[in-house]
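Report on one structure; see the data block that follows.
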Amino acid sequence: GEQVEQLPSILRVQEGSSASINCTYENSASNYFPWYKQEPGENPKLIIDIRSNMERKQTQGLIVLLDKKAKRFSLHITDTQPGDSAMYFCAASSGGSNAKLTFGKGTKLSVKS
Amino acid sequence: EAAVTQSPRNKVAVTGGKVTLSCNQTNNHNNMYWYRQDTGHGLRLIHYSYGAGSTEKGDIPDGYKASRPSQENFSLILELATPSQTSVYFCASGDWGDQDTQYFGPGTRLLVL
């Protein structure tokens, strides 16, 4: 099966700075990489995803990079705000009708004002 | 966004008792999933289903059964609950294809005494 490693587990940044979370995966057949944000007491919500036919995707202050050769993908949050404080999870899947997501263990991001 | 509901939202059970967690989705998704979330472990897949009548073992199926009687409903069953099954359980639904997105329910907090 797939294994996804996520680092760091805890990340503290100053408001207005950038935050970066890195994930690696093992299965070279993985082709779909979503990122979820989870606030305390809430369910995980998809914030951005990238497929293997792309190297970079950007939306509303979020940037995702994918390096297929290194089997590594990362989330970059620019101009962080206190509202960005949450748990973030990366995941990987080989796609297709029988695929399933394997999640990293999560990163707790704290943005200090 | 897809509508996924779970019941009960909170449950206290006794060791050795039977627990059934229910999930309902109203978006006609083929695939449904049960995860548990524990600190330090992220989201781990217990069982999943590709459609009515089908269930598949996930990464940590021991001690759990699943049932998918219809497109809309997916249940997780703990025949003999143990304290180690104390956790937050999330149901999710989705379809693989252009979106590949999984939508999560609000979660069920289970305490086994």
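The values are calculated or read from the model by the stated rules, or taken from the named source; none is laboratory data. Only a predicted model underlies this, so the values are computations on that prediction, with no experimental measurement involved. All Cβ positions, even for glycine, are placed from backbone atoms using ideal geometry, and neighbour counts span all protein chains on display. The protein model used for the area step is the full one, side chains on, heavy atoms only, and it has no ligands, DNA or RNA in it. Shrake-Rupley method; radii C 1.70, N 1.55, O 1.52, S 1.80 Å.
Miscellaneous remarks
- Scan the range A:85-113 for residues that are open to solvent by 60 Å² or more (accessible area, probe 1.4 Å) and closer than 22 Å to residue B:38 by Cα and the total you get is 2.
- Checked against (1) within 25 Å of residue A:41 (Cβ to Cβ); (2) open to solvent by 40 Å² or more (accessible area, probe 1.4 Å); (3) in contact with a Gly (Cβ under 6 Å, 6 or more places away or on another chain), residue B:42 passes all but a single condition, namely (2).
- As a summary of the residue check, residue B:98 satisfies the conditions (1) at pLDDT 95 or above; (2) more than 19 Å from residue B:26 (Cα to Cα); (3) more than 14 Å from the chain's Cα centre (by Cα) except for the one numbered (1).
- If you go through the range B:19-69 and pick out every residue that is without any contact (Cβ under 8 Å) to a residue 24 or more places away in the chain, more than 11 Å from chain A (Cβ to nearest Cβ) and of a type in the set (Lys, Arg), you end up with 1.
- Of all residues in the range A:85-113 being part of a loop (DSSP other than H, G, I, E, B) and among the hydrophobic types (A, V, I, L, M, F, W, C), the one that is modelled with the lowest pLDDT: A:99
- Being among the small types (Gly, Ala, Ser) and within 14 Å of chain B (Cβ to nearest Cβ) is not true of residue A:113.
- A single entry from B:104, B:74 fulfils the requirement of being buried (at least 20 other Cβ atoms within 10 Å of the Cβ) and touching a His at 6+ places or on another chain (Cβ under 9 Å): B:74.
- Evaluation of residue B:107 against the conditions (1) in contact with a Leu (Cβ under 8 Å, 6 or more places away or on another chain); (2) within 22 Å of residue A:102 (Cα to Cα) shows that the sole unmet condition is (1).
- Output for the range A:3-20, where each listed residue is of a type in the set (Val, Ile, Thr) and within 13 Å of residue B:42 (Cβ to Cβ): A:4
- Qualifying residue in the range B:15-24 (condition: open to solvent by less than 20 Å² (accessible area, probe 1.4 Å), part of a loop (DSSP other than H, G, I, E, B) and within 23 Å of residue A:91 (Cα to Cα)): no
- Flag if residue B:12 is more than 20 Å from residue A:44 (Cβ to Cβ), touching a Lys or Arg at 6+ places or on another chain (Cβ under 8 Å) and either away from chain A (no Cβ under 11 Å) or touching a residue at least 12 places away in the same chain (Cβ under 8 Å) (or both): no
- Some residue of the range A:10-21 being within 11 Å of chain B (Cβ to nearest Cβ) and among the small types (Gly, Ala, Ser): no
- Test: residue in the range A:69-82 that is within 11 Å of chain B (Cβ to nearest Cβ) and within 15 Å of the chain's Cα centre (by Cα): no
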